[in-house]
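Remarks on the structure that follows.
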Amino acid sequence: EAGVAQSPRYKIIEKRQSVAFWCNPISGHATLYWYQQILGQGPKLLIQFQNNGVVDDSQLPKDRFSAERLKGVDSTLKIQPAKLEDSAVYLCASSQTSGRAIVGKSVEQFFGPGTRLTVL
Amino acid sequence: DQQVKQNSPSLSVQEGRISILNCDYTNSMFDYFLWYKKYPAEGPTFLISISSIKDKNEDGRFTVFLNKSAKHLSLHIVPSQPGDSAVYFCAASAGGAGSYQLTFGKGTKLSVIP
């Protein structure tokens with residue numbers, strides 16, 4: 001089974017430039033997540049999709065970040081314009097469902113390798 | 001305000017000994033807890049989980065213990081192997097209908113010395 005794919009793996013841009021990241025989740029996974037992981041921190045959820053709808057984007061800085069999952073499969077995350085504090089690893093994850101299928105059972109999230117963004 | 005805390009940034013253990021990684025949480029609504037393992041330049045991979053209805057879950061060399069009254073969980077690795085060297089993240093979920101969002105700790109870097 002192919003895992004979660006992300007591209008590019010690395011990106012270096014100057015502040016105020018734009019950047020986009022792409023994610024292809026595991027086939028059949030309805031739920032897709034974007035996380036931001038700043039150096040020395042744990043991943044922080046930015047946005048969660050269920051199929052092509054947004055479940056939660058409360059922690060997404062909407063003045064500069066946007067994300068879409070138009071056909072309920074691939075997703076893109078965009079930053080425009082980038083700031084120095086956006087330097088981080090952006091992780092995409094997917095899971096089969098967003099609900100608890102069985103009480104006490106894990107609905108595991110599978111992570112991609114991430115995109116390391118450096119803003120100069 | 002950090003809801004999931006891993007107070008030890010790093011831990012070194014001799015090969016063959018026990019590794020104990022700790023995690024504390026503050027949100028009483030958390031009812032599901034997971035440990036993820038992360039190697040450099042890779043995404044986190046799921047290791048083991050525990051529901052709040054249990055106090056222990058075991059999977060091979062890995063055991064997670066949950067103390068709800070203390071809002072504390074720990075991951076035990078016995079015996080530790082050099083391949084276990086990685087960053088370990090504790091994560092928690094408050095569940096709720098239609099949502100399975102995880103709140104992560106900052107991670108603990110485990111080094112297993114041969």
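The values are calculated or read from the model by the stated rules, or taken from the named source; none is laboratory data. Note that the coordinates shown come from a computational prediction; the quantities given were computed from them, not determined experimentally. Note that we place each Cβ from the backbone using ideal geometry, even for glycine, and neighbour counts take in every protein chain shown. Each accessible area value is taken on the protein alone, full model and side chains, heavy atoms only, with ligands, DNA and RNA left out. Shrake-Rupley method; radii C 1.70, N 1.55, O 1.52, S 1.80 Å.
The table below lists the values:
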{"quantity": "Solvent-accessible heavy-atom area per residue, rounded to whole Å², over chain A at 1.4 Å", "calculated": "50 Å²"}
{"quantity": "Portion, in percent, of the accessible area of chain A that falls on carbon or sulfur, probe 1.4 Å", "calculated": "51 percent"}
{"quantity": "Taking N as its residue count, the alpha carbon Rg of chain A over 2.2 N^0.38 Å", "calculated": "1.04"}
{"quantity": "Cα-based Rg / Dmax (Å) for the protein assembly as shown", "calculated": "17.7, 51"}
{"quantity": "Rh by Kirkwood over Cα pairs, then Stokes-Einstein D for the range B:1-107 at 1.306 mPa s and 10 °C, µm²/s", "calculated": "113 µm²/s"}
{"quantity": "Calculated FRET value between residue B:70 and residue A:51, using beta carbons and R₀ = 41 Å, to 0.05", "calculated": "0.55"}
{"quantity": "Shape of the range B:47-114, Cα gyration tensor, a/c cut at 1.5", "calculated": "prolate"}
{"quantity": "Positive-end extreme of charge dipole, the range B:51-114 - chosen from B:114, B:72, B:85 (charges on Cβ)", "calculated": "B:72"}
{"quantity": "Proximal aspartates and glutamates to residue A:15, defined as alpha-carbon separation beneath 17 angstrom and excluding residues fewer than eight positions away on the same chain", "calculated": "A:63, A:85, A:86"}
{"quantity": "Cβ-Cβ FRET estimate between residue A:10 and residue A:108, R0 fixed at 25 Å, reported to 0.05", "calculated": "0.40"}
{"quantity": "Simple spin-label estimate for residue B:94 and residue A:18 in nanometres, 7 Å along Cα-Cβ", "calculated": "3.5 nm"}
{"quantity": "Relative contact order %, chain B, counting alpha carbon pairs below 8 Å whose residues are six or more apart", "calculated": "37 percent"}
{"quantity": "Cα-projected label distance for residue A:97 with residue B:17, points at 7 Å along beta-carbon direction, nm", "calculated": "4.5 nm"}
{"quantity": "Fully extended contour minus Cα-Cα distance, from residue B:78 to residue B:41, at 0.36 nm per residue", "calculated": "10.7 nm"}
{"quantity": "Heavy-atom accessible surface that A and B bury in contact, both chains counted, 1.4 Å, Å² to 100", "calculated": "1900 Å²"}
{"quantity": "Delta accessible area of at least 30 Å² on complex formation, residues of the range B:13-43, 1.4 Å probe, chain isolated as reference", "calculated": "B:32, B:36, B:41, B:43"}
